[in-house]
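Some notes on the structure that comes next.
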Amino acid sequence: MKIRRVFVILLAVSLCVSATAGPIDFERIIVDRTFRAEGVAVGDINRDGKLDILSGDVWYSGPEFKMHELRPVGTYDGTKGYSNCFANFAQDVNGDGWVDSIVIGLPNGPCLWYENPKNKPGHWKERMVAKSACNETPIFFVLTGIGQPVLIFAVRPEGLMAWFSVPKDLEGLWDMHIVAPGPDAPGTEMYSHGLGAGDINGDDRNDILVKQGWWEAPANPEKADWKWRPANLGEDCANMLVYDVDNDGDSDVITSSAHRYGIWWFEQLAPADGSKFEQHLITKEYSQAHAIILADMNRDGIKDLVTGKRHFAHQGNDPGGKDPAMLYWIELSRGEKGKVEFTMHVIDDDSGVGTQFEVVDMNGDKKLDIVTSNKKGVRVFLQKQ
């Protein structure tokens, strides 16, 4: 499949630059040049009507993005190691109307949540969600019938896959709902790569998938009778996205290589029961796309891909590890008879993504923006007309 590349020139102006990406322009805001985390979340933390940014140990109040400590602030050297935040999610955990922070550190470390102090000074109260959170791409996703996003990740040493709901006792561990019992269910190794959710077989239930296959969701996702369906969904990857790429009425799967080169889509073949897929290459232009998001960036009714390089994922030792820290979106368009075309638009070459990032309308102008946190620091990319 031929890939048409679209290049842009970045012009630096103080702490902001404008980058033209095909038909879309972005204003880059450098919130922080310090390595804070490789996960990031967005929410109205102080309830002033403006979106703020959570990044591991700290949060930034928008729109000026002033930094505040959330917990003791660590010092992280991206040339030698990692931060203590691989994923960050925003949720009003206790239902008090204030957005709290959920943080997952290194794989197999604990998943923690921090209670918003309601604009009072000091560090946020820390509680534990789970003692172990594995797979390098834990996800926060709405399962059918639940109504709000839930945490989904593997648990060691049991080697099981599960999703988690808020318990009645907020001081205790969260309620664990087992999707696949151990030991060693597929995709549950400490550093396993590839995890996603979506309706694979068209039964209007969101399933959970790893690169070796997927678990079929039961009518009640709280039941532990998820059926395993083996399928070949490629090599080690990051987020596994479920979407009807070719508009033929069934669900396909999109993946990206976390530490090598490659972004692919897997076309589901008849009889559309999730048993057989055909792999198609989207691009091998840039390496280490360790997080990828599905979003309609140009508002044409078709979802596109937003991704980038996880800068210095293994301190520059991966293939292409010392190349520029690219951030880009890949436009999906459809022609006649199911023909699909992907067009790459470069946004930036000095930021990239971490292990998890956000695509959200930050300023209420109905255009999707991008928020990243990684070894290059924390950045916001505002979409312009």
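Residue by residue through the range 306-319, which ³J(HN,Hα) values in whole Hz follow from phi under the Karplus form 6.51 cos²θ - 1.76 cosθ + 1.60 (θ = phi - 60°), with glycine and proline marked x?
Coupling constants for the range 306-319: 10, 7, x, 7, 7, 4, 6, 3, 10, 6, x, 8, 7, x Hz.
As an exercise, identify the GluC sites (Glu not before Pro) in the range 178-268 lying in DSSP coil whose Cβ has no more than 16 other Cβ atoms within 10 Å.
E222, E235
Within the range 88-138, what whole-number % of the accessible surface is contributed by carbon and sulfur, with the 1.4 Å probe and all protein chains included in the calculation?
Carbon with sulfur: 52 percent of the solvent-accessible area.
Taking the Cα centre of each part, how many Å lie between the range 65-92 and the range 332-366?
Value for the Cα centre distance between the two parts: 25 Å.
Which residue fluctuates most in the GNM of the chain (Cα springs below 10 Å): A224, A130, A37?
Answer for the Gaussian network model of the chain: A224.
So how strong a dipole does the chain carry about its Cα centre when Lys and Arg Cβ are +1 and Asp and Glu Cβ are -1, to the nearest 20 debye?
Dipole of the chain, to the nearest 20 debye: 940 debye.
With θ set to phi - 60° and the Karplus curve 6.51 cos²θ - 1.76 cosθ + 1.60, what are the ³J(HN,Hα) couplings of the range 72-88 in order, to the nearest whole Hz, using x for Gly and Pro?
Along the range 72-88, the couplings run x, 8, x, 10, 10, 10, x, 7, 10, x, 10, 8, 9, 8, 8, 8, 9 Hz.
So for each of 113-119, 203-209, 82-88 I average, over its residues, the number of other beta carbons within 10 Å; can you give me the resulting order with the highest mean first? Could the numbers behind the result be given before it?
Details: 113-119: 16.6, 203-209: 19.7, 82-88: 24.9.
Most protected by this proxy first, the peptides run 82-88, 203-209, 113-119.
Choose one of F357, S333, L305: the residue whose Cα lies farthest towards the positive end of the charge dipole of the chain (beta-carbon charges +1 Lys, Arg; -1 Asp, Glu; about the Cα centre).
Positive-most Cα among the choices belongs to F357.
Within a Cβ distance under 15 Å of E336, other residues only, what is the Lys/Arg minus Asp/Glu net charge?
Charge balance near E336 sits at 0.
Do any of K125/K367; K131/K376; K50/K118 go past 23 Å between their Cα atoms, and which?
K125/K367; K131/K376
Need the list of lysines near K227 for cross-linking: C-alpha distance under 21 angstrom, and skip anything on the same chain fewer than eight residues off.
K211, K276
Please sort by residue number the trypsin sites (Lys or Arg not before Pro) in the range 21-74 whose DSSP state is loop and whose Cβ has at most 11 other Cβ atoms within 10 Å.
Counting only loop positions with at most 11 other Cβ atoms within 10 Å, the trypsin sites (Lys or Arg not before Pro) in the range 21-74 are R33.
Express the accessible area of the chain per residue in Å², computed with a 1.4 Å probe while the remaining protein chains stay in the model. Walk me through the numbers on the way to the answer.
Values: 15880 Å² over 385 residues.
Roughly 41 Å² per residue, with all protein chains present.
Using a 1.4 angstrom probe on heavy atoms only, work out the carbon and sulfur share of the accessible area of the range 238-300 in %.
The nonpolar share, carbon plus sulfur, comes to 44 percent.
Can you give me the distance in nm between label points at R229 and N363, each placed 7 Å from the Cα along the Cα-to-Cβ direction?
Here the modelled spin labels are 4.3 nm apart.
In terms of Cα to Cα distance under 15 Å, which aspartates and glutamates are near enough to K366, apart from those fewer than 8 places away along the same chain?
D25, D296, D300
Could you derive backbone 3J(HN,Hα) for the range 160-167 from the dihedral phi with the Karplus parameters 6.51, -1.76 and 1.60 (θ = phi - 60°), listing whole Hz in sequence and x where the residue is Gly or Pro?
Working through the residues one at a time gives 10, 9, 8, 10, 10, 10, 5, x Hz.
The values are calculated or read from the model by the stated rules, or taken from the named source; none is laboratory data. Just so we're clear, the structure is a prediction, and the values are computed from it rather than from any experiment. Glycine also receives a Cβ, built like all others from the backbone with ideal geometry; neighbour counts cover every protein chain displayed. Heads up: the accessible areas ignore ligands, DNA and RNA and are worked out on the full protein's heavy atoms, side chains in. Shrake-Rupley method; radii C 1.70, N 1.55, O 1.52, S 1.80 Å.
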